[in-house]
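Working notes, structure below.
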């Protein structure tokens, strides 16, 4: 399999199923690990980086779970392919823009991606549609166990797994849930939710992680504390209280909109559909903004012109790298805007 | 309205000077930045915030020239990059890192999570006991005495 094969489907995290999928788009868990016998990447020279890359990629593809993984060498991959992996949430923007020997091993179903030589030697992450953290932890934990047998990870009795940045030390775990919160934004309650989350030492971020804006009302909620709590404790708090609470607020806000602002709500949904199905040029940002009320309309059974799978296809394939991949050549911003509008009109015709 | 300066981009910054005489200016964001009228807002990532915090913290405590004997990284370099140089830095800079780690992790100082399956039995026992003691404390705080008794028994079994 290659990167081109990935673009044939939308990937497991955009399946639109799983618990609480009316609000929870996807769940992600990542573990940060480093090899004990090598320096962290900030002081590693080119030779050491290559050696780390070789050791970890070999270890992953030697495990039963990783035998069919697609290994992408990001040092040689072109810019469109790197951007494509960011759009599919398989690598971070920092990893795409990084330098030197580095890569990613991706499971064929795109439920797991292991970034090698990002900030840490290994960042093993699992992705699922809806709220499925326990299942995800089980899978990632097993692979981490399997890798531990051939890779001696830097571990300290007191501090746990040692990471390049002390903010990740301990479990090295980052639990991250992507939520679609259009009603909370419309009712202006989103700030209150964000403040409450910050009080719980959670980070609330935009669609593509740190430093990005919440485009299309998509927010990522993740833990910041990694030391002094167990993995199960952190995951349990997310799946039993934090996420169900936010989902509850969003559902209530949606009911309020439907009850007291029905015509405004439907107007918003249908205007978005009108623009998407008629525009002759459209930006990626506007597309995602317009898809948001439609996604809410589908989940509330108020909009039946197309389904969630179609919405997710449009969501993914209208992003810059996916569009260019589809056209088989680089397109400038204006060409992309026209190509994007054409694709959406054809898809909705 | 088009920017008065470059005559190309849309003017989004509008300034009215009243002194020495009334004068209006309409600039685009780029020209306004060049003119020093507005300052570009940069987003601070966790690392940047952390760097600021380290600088602030160690500015009081010193230790800038402390270097790790294994990788050679100095604490000052860590302050600038926000990244450690090798696993041994946690030992070499322990005194300076401990308050920082504590603050970043809600007071957490000890790992109570997963232990690599290859770790020796004493490490597994050590971490397991820490986790159980924490669970015991939580159970007592929540007045869940049934759970507290269960955890206490687990601790006893493990200690023996």
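Highest GNM mean-square fluctuation among A:107, A:57, A:263, for chain A modelled with Cα contacts below 10 Å: A:263. In terms of its C-alpha gyration tensor, segment A:213-258 has an oblate overall shape, because the principal axis ratio a/c (a ≥ b ≥ c, square roots of the eigenvalues) is not below 1.5 and a/b does not outweigh b/c. Cα centroid separation, segment B:115-138 to segment A:283-338: 48 Å.
Calculated from the alpha-carbon coordinates, segment B:90-149 shows an Rg and a Dmax of 14.5, 44 Å respectively. When every alpha-carbon pair in segment A:17-61 is counted, what percent end up more than 13 Å apart? Here the tail beyond 13 Å accounts for 67 percent of pairs.
Residues A:226, A:7, ranked from the fewest to the most other C-beta atoms within 10 Å, line up as A:7, A:226. Our compactness index for the protein assembly as shown, the C-alpha radius of gyration over the empirical 2.2 N^0.38 Å, is 1.07.
With the simple model of a label 7 Å out from the Cα in the direction of the Cβ, residue A:305 to residue A:158 spans 6.3 nm. For segment A:44-186, with equal point scatterers placed on the C-alpha atoms only and solvent neglected, what are the log10 I(q)/I(0) values from the Debye formula at q = 0.13, 0.15, 0.22 1/Å, to two decimals? With one equal scatterer per Cα and no solvent, log10 I(q)/I(0) is -0.60, -0.80, -1.62. Treating each Cα of segment A:230-287 as an identical point scatterer and summing with the Debye formula, the log10 of I(q)/I(0) at q = 0.19, 0.21, 0.24, 0.25 Å⁻¹ comes to -0.79, -0.83, -0.90, -0.93. According to the square roots a ≥ b ≥ c of the eigenvalues of the Cα gyration tensor, what is the shape class of segment A:184-328, taking rounded for a/c under 1.5, prolate for a/b larger than b/c otherwise, and oblate for the remainder? It comes out oblate by the Cα gyration axes.
Restricting the calculation to Cα atoms, every distinct pair contributes to the Kirkwood radius of segment A:1-127, found to be 15.1 Å. Take the Cα radius of gyration of segment A:243-349 and divide it by 2.2 N^0.38 Å, N being the number of residues; the result is 1.19. With a cut-off of 18 Å on the backbone N, the residues of segment A:256-299 near the modelled label site 7 Å out from residue A:334 along Cα-Cβ are A:280-284. GNM remark for chain A: springs join alpha carbons under 10 Å apart, and the peak mean-square fluctuation among A:157, A:280, A:195 falls on A:157.
Here, P(r) means the percent of Cα pairs in each 10 Å bin from 0 to the largest distance; for segment A:109-232 it is 11, 38, 34, 14, 3, 0. The Rg/Rh ratio of segment A:76-159, with both radii computed over alpha carbons and Rh defined as the Kirkwood radius, is 0.99.
Within the listed set A:318, A:287, A:256, the residue fluctuating most in the Gaussian network model of chain A (springs between alpha-carbon atoms under 10 angstrom) is A:256. Output the 0 to 90 degree angle, nearest 10, between the alpha-carbon long axis of helix A:284-299 and the longest principal axis computed from the alpha carbons of chain A. Long axis of A:284-299 versus the principal axis of chain A: about 70 degrees.
Since every read-out is calculated from the coordinates, none of them should be taken as a lab result. As the structure is a computational prediction, the values presented were derived from the model and not from experiment. Because the Cβ atoms are built from the backbone with ideal geometry, glycine has one as well, and the counts that use them run over all protein chains shown.
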